[in-house]
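The values are calculated or read from the model by the stated rules, or taken from the named source; none is laboratory data. Note that the structure is a prediction, hence the values are computed from the model and not measured. So basically every Cβ, Gly included, is an ideal-geometry build from the backbone, and we count neighbours across all protein chains shown. Note: areas computed on protein heavy atoms with side chains; ligands, DNA, RNA excluded. Shrake-Rupley method; radii C 1.70, N 1.55, O 1.52, S 1.80 Å.
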Amino acid sequence: MLKINDLVVSYGKVEALKGISLEVEEGKIVTLIGANGAGKSTTLKSIVGLAKPQSGTITYNGKNLLLEDTKNMVRSGITLVPEGRRVFPNLTVLENLKIGAYCRKDAKAIKDDLEWVYSLFPKLKDRSWQQAGTLSGGEQQMLAVGRALMSRPKLLMMDEPSLGLAPLIVKELFNIIKEIHKQGMTILLIEQNAFAALKIADIAYVLETGNITLKGTGQELLTNEEVKKAYLGESTHA
Amino acid sequence: MGHMTLDLFLQHLTNGISLGSLYALIAIGYTMVYGILRLINFAHGDIFMMAVYFSFFGVATFGMPWYAAFIVAIILTALLGMVVERAAYKPLRESPKVNILVSAIGASFLLQNLAVVIFGGRPKAFPTVKLLQEVMTIGSVTLQRLTLVIPVVTLTLLAGLLFLINNTKSGMAMRAVSKDHETAGLMGVDVNRTITLTFGIGSALAAVGAIMWGMKFPQINPTMGVIPGLKCFIAAVIGGIGNITGAVIGGFILGVGEIMLVAMLPSLTGYRDAFAFILLIVILLFKPTGIMGEKISEKV
């Protein structure tokens, strides 16, 4: 579905990505784990056209994504849940969800999807008239995911959804990600929380300072000694 | 300080509200552009001036009936505002804020001098519209019909604008873009189009203000946009820049305050324009975010 080949991105003289290749197959949860500054966000930004690569290719169902404008990503079925949630604080919860469906014209289906999102995140329904800026961090993350779902993506990409959330909320969120995936959505998940991400991932990549150093199934990497040492720590494993 | 009868007070109040309504219409353009781009559009006063000339030529040169000329002028002014945005601001959107600010000042000078070259520096007389300029008496207050029409037009346009911004899809996109260009783009919002639309609306409102200004103060010249432009910018700051209702309130405060100052302290008539600037200083000292303004955290 999505293929990245030998992608190089630099900011000034700093090479953030030094030629990475990865693939997201339809129907899978693919995760990209790595430390701060490894290049995870840059990878996502390149996919949606917010970072301009020096070389390499990104194709989506055979189409060259590097030629597409950011605003057309949603129309082609790719939606990003950006890092730090980035909900519109001055819009109500309902408006945030509606703007997720900004490009859609099928009013009836939008309404059904709104009910679907509300069923996944009942709290959002209770707060639909509240300004999004007044929500807690966890609720804002739920809203950011809900907003993305409202676009009916074929490929849902999430940048560090667990960032800054309490463990209980992270668990809730990952259960919902699993649920969305079960309903047939392809997901590219970027996480620092390696344990949570690997547990639900079909395929996982490890990114280290701009290079992909490991690839395997989520289970394989969970038990990989290097990954355990570098990303999981001993205690998390218990 | 002169003694003032109730009748006289009402007379001044009506004039003040009328002038304030004009300020309000122009101030909305400043506040909308600031809200979406964090830019003070210094060319806004000159776009206002251009609208006056468009109306003038529509009637005087092309012999159009006044209403047709006014409609054409509003459309042309909206287009001019959008062209200025595309030509002078859009190419600099990723540059440091000061570059785009300097570009705004440049656009302002360009429009003024263009007007001198094309329209001539000699003042012209704005066409008269008898229907609106007829004098009438309500109780003991004597005024032009226009004086009553101006606030009605302003408040109607304000209501329409607030409806557009709060209840339509384009309005929702504007509010989203004003907070976060990048994420709005990720949602599929056409950020460039939304910004251009904002300039178009702000300029069209300024054009409506300009036309009524021309009927009220019929002597027109290429620098006539400078002082109203500055005052309306101040009105927007007083109201809380970025907030549309605030801009309208700021406009009313400025208009009524100015007229009342001159009425109550005639010896200060020469300082009429200074009033706005003193008010600006006071606001910046004691409530820099303005009346309706919210604290704006710098984007990282």
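Placing pseudo-labels 7 Å out from each Cα toward the beta carbon at B:S95 and A:L66 gives an inter-label distance of 2.8 nm.
Peptide B:60-72 has a mean shielding of 0, counted as Cβ atoms of other protein chains within 10 Å of each residue's Cβ. Interface burial in the stretch A:79-94, defined as at least 50 Å² less accessible area with all protein chains than with the chain alone at a 1.4 Å probe, covers A:R86, A:F88, A:N90. Of the residues B:G255, B:P127, B:V84, the one whose Cα sits farthest towards the positive end of the charge dipole of chain B is B:V84 (charges of +1 on Lys and Arg Cβ, -1 on Asp and Glu Cβ, taken about the Cα centre). Computed from point charges on the beta carbon alone (+1 for Lys and Arg, -1 for Asp and Glu), the dipole magnitude for the stretch B:2-286 about its Cα centre is near 280 Debye. Loop-resident trypsin sites (Lys or Arg not before Pro) (DSSP state other than H, G, I, E or B) in the stretch B:49-137 with no more than 16 further Cβ atoms inside 10 Å of their Cβ: B:R93. Measuring against 31 Å, Cα to Cα, the residue pairs A:K18/A:K228; A:K111/A:K215; A:K28/A:K71 contain A:K111/A:K215 as the ones spanning a longer distance. Computed in the context of the full set of protein chains, the accessible area of the stretch A:112-238 at 1.4 Å probe radius has 53% of its extent on carbon or sulfur. Ordering B:18-26, B:226-234 by mean Cβ neighbour count within 10 Å, with the highest value first, yields B:18-26, B:226-234. Pairs of Lys residues in the stretch B:2-286, spaced 8 or more positions apart or belonging to different chains, with C-alpha separations under 29 angstrom: 13 in total.
Accessible area buried by the pairing of B and A, both sides summed with a 1.4 Å probe, works out to roughly 1900 Å². When the accessible area of each residue in the stretch B:166-180 is compared between its chain alone and the complete protein assembly (1.4 Å probe; ligands, DNA and RNA ignored), which residues differ by at least 50 Å², being lower in the assembly? Residues passing the criterion (a loss of at least 50 Å², heavy atoms only) are B:K169, B:M172, B:R175, B:K179.
Comparing B:G16, B:G290, B:G270 in a Gaussian network model of chain B, where Cα atoms under 10 Å apart are tied by springs, the biggest mean-square fluctuation is seen for B:G270.
Cβ under 10 Å from A:I190's Cβ, A:I190 left aside: what net charge do those residues give with Lys, Arg +1 and Asp, Glu -1? The answer is -3. Dipole magnitude for the protein assembly as shown: computed about the Cα centre from +1 point charges on Lys and Arg Cβ and -1 point charges on Asp and Glu Cβ, it is near 760 debye. In the elastic network of chain A, a GNM with C-alpha springs shorter than 10 Å, the most mobile of A:K40, A:K71, A:K28 is A:K71.
Using a simple spin-label model with pseudo-atoms 7 Å out from Cα toward Cβ, B:A60 and B:V226 lie 2.0 nm apart. Straight Cα distances below 16 angstrom link A:K108 to the lysines A:K98, with same-chain residues fewer than 8 positions distant left out. Each semi-axis of the equivalent ellipsoid for chain B is √(5λ) with λ an eigenvalue of the Cα gyration tensor; in descending order they amount to 31, 24, 18 Å.
Give the accessible area for B:I138 in Å² (nearest 10); use a 1.4 Å probe, count only protein heavy atoms, and leave out ligands, DNA and RNA. Rounded to the nearest 10, the figure is 90 Å². Each peptide among A:155-163, B:272-280 gets the average number of other Cβ atoms lying within 10 Å of its residues, and from highest to lowest they stand as A:155-163, B:272-280. Solvent-accessible surface of the protein assembly as shown, taken per residue with a 1.4 Å probe and all protein chains present: 45 Å². Considering helices alone, the calculated mean residue ellipticity of chain A at 222 nm is -10000 deg cm²/dmol, with DSSP H runs of length four and up weighted by -39500 (n - 2.57) and normalised per residue. Taking every DSSP beta bridge that has both ends in the protein assembly as shown, the antiparallel portion is near 60%. When the solvent-accessible area of chain B is split by element, carbon and sulfur atoms take up 70 percent of it, the probe being 1.4 Å.
Here the translational diffusion coefficient of the protein assembly as shown follows from Stokes-Einstein with Rh set to the Kirkwood radius across Cα pairs; for 20 °C and 1.002 mPa s it amounts to 82 µm²/s. Taking the charge dipole of chain B about its Cα centre, with +1 at Lys and Arg Cβ atoms and -1 at Asp and Glu Cβ atoms, the residue from B:F277, B:V177, B:A60 reaching farthest to the positive side is B:V177. Distance in nm between label sites at A:W129 and B:Y271, each 7 Å beyond Cα in the beta-carbon direction? It is 4.9 nm. Counting Cβ atoms of other protein chains within 10 Å of each Cβ in B:247-254 and taking the mean gives 0. Exposure check, 1.4 Å probe, all protein chains in place: B:V98 carries approximately 90 Å² of accessible surface. Comparing B:N243, B:N166, B:N221 in a Gaussian network model of chain B where C-alpha atoms under 10 Å apart are linked, the largest mean-square fluctuation is found at B:N166. Summary value for the stretch B:2-286: 38 percent relative contact order, contacts being C-alpha pairs under 8 angstrom separated by 6+ residues.
Placing unit charges on the Cβ atoms of the charged side chains and taking the dipole of the protein assembly as shown about its Cα centre, the candidate lying farthest along the positive direction among B:I291, B:T5, A:T209 is B:T5. Dipole magnitude for chain A: about 660 debye, using +1 per Lys or Arg Cβ and -1 per Asp or Glu Cβ, origin at the Cα centre. Computed 3J(HN,Hα) for the stretch A:9-15, one whole-Hz value per residue from the Karplus formula 6.51 cos²θ - 1.76 cosθ + 1.60 where θ = phi - 60°, is 10, 10, 9, x, 8, 8, 7, glycine and proline marked x.
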